[in-house]
Structures are given as structure tokens and as C-alpha cells.
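Input: a single structure, listed below in C-alpha cells.
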Amino acid sequence: METDRKTRIADAAIALLGSAGAKGLTHRAVDAEAGLPLGSTSFYCRTRHDLLTLALLRHAALDLADLQDDATLMASPGWGLDEFIDLLVTRVADWLSPVKRARLVARFELFLIASREPELAEIVTQQRQRFLAATELALAKAGVEHAANRAALLVVAVDGILLDQVRSNGPLLSCEQQKTMFQAVLAA
């Protein structure tokens, strides 16, 4: 039960960060968003830092679960660079979808908050290492040379696309434009 409640709290915090930003993240607001009795969030997360840590770890777990789903697809025979690039475009579209848009906005809110809080920055750094390792494995599976070097470039490229595209009125890159960019990054 405790894990379920903590997950509800983390998911509610992510939803609030995605809809109201950092200013809207309060213990009371999380209780209301999660449909929990007043004081529940304070019981599990005594401080705002504790709440942000819980949200950050949950966010990373959700994104890594998406990447694990992608890794399952990549286990099929005949996997190569073209299929990997198609999967990247699909992953970007999924993270930008209305269902996951608030989670994506929360990601950037959490990154900005972590830029001013060293303990949270360390968590972001640790999670980023996990993303880089997963990306490196995927690139190696796709037959990309120098997978470690290209993984860092690719993660930055995907984050850049997501940040650019999440703007409410910004221009959207077509699938073909994204594919061209990913090909250029992986050929660099």
C-alpha cells in the first residue's frame, strides 16, 4: 500500500509540474491531485525537496519503462539503423502526445529546478547515465559505430527536439525532418 500511495503522490506531482509548473507544486495541491486525504503527501515527503526527489525518480522510471518497451521491439530479427531511426521518431511522437505532454513539460520543469539544487542535479546526472547506457546499447544493436560517442549526441538531439516541440505554438518538425536530423547525428 505504501508503494502505491507514493506512486500516486509522485504521479500527481508530475501532473502538477506539467500543468501548473513549479509554483503549483505544494503538498496540499498534490494531495488534492492524487485524491488523497490532506496531509498524505507530507507524511511521505516531509519537505519540498523530498517531493521533488520522488517526482524526479518516478519521472525517470516512466521514461526508462518507455525505453524498455522500445528495447523489446528492437529484439526482433533484422533490426538495423533505419528501424532504429523510425523508432526514435515514434518515441518522440509518443512523448509529445497529449497523453504524455504534461509529463514532458514536467521533465523540463524538473531539469530547471535541478539546475539550482545540487542534490537534485546529482539525481538528474545519475538518471542521464542510465539513459546514455540504454541509448548506447540500442545504437550498438542497430550497428552504429562509436555508439558511446553517438549516444550522447543523440540524447541531446532528442531533448532538443522535445524542448522545441513542446512549445504550445511552435513549429513542428515533420517525421522526415526528424529522420534527416537523426541520420545526420548518427553519421557525425
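Throughout, read-outs are computed from the coordinates displayed, never taken from laboratory work. Everything numeric in this text was worked out from a predicted model, so none of it was measured.
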Item checked: Scattering curve values for the stretch 90-188, log₁₀ I(q)/I(0), Debye with Cα scatterers, q = 0.13 Å⁻¹ -> -0.52
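Return the Rg/Rh ratio of the chain with Cα-based radii and a Kirkwood Rh.
Working: Rg = 17.7 Å, Rh = 17.6 Å.
Expressed as Rg/Rh, it is 1.01.
Dividing the Cα radius of gyration by the Kirkwood radius, what Rg/Rh value follows for the stretch 41-111? Don't skip to the answer; put the middle values down first.
Details: Rg = 15.7 Å, Rh = 14.0 Å.
That ratio is 1.12, to two decimals.
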Note to self: Going by Cα centres, the stretch 112-141 and the stretch 4-52 are how many Å apart?
What the structure shows: 23
Check: To the nearest 500 deg cm²/dmol, what mean residue ellipticity at 222 nm is calculated for the chain from DSSP H runs of n ≥ 4 alone, each contributing -39,500 (n - 2.57), summed and divided by the residues?
Finding: -26000 deg cm²/dmol
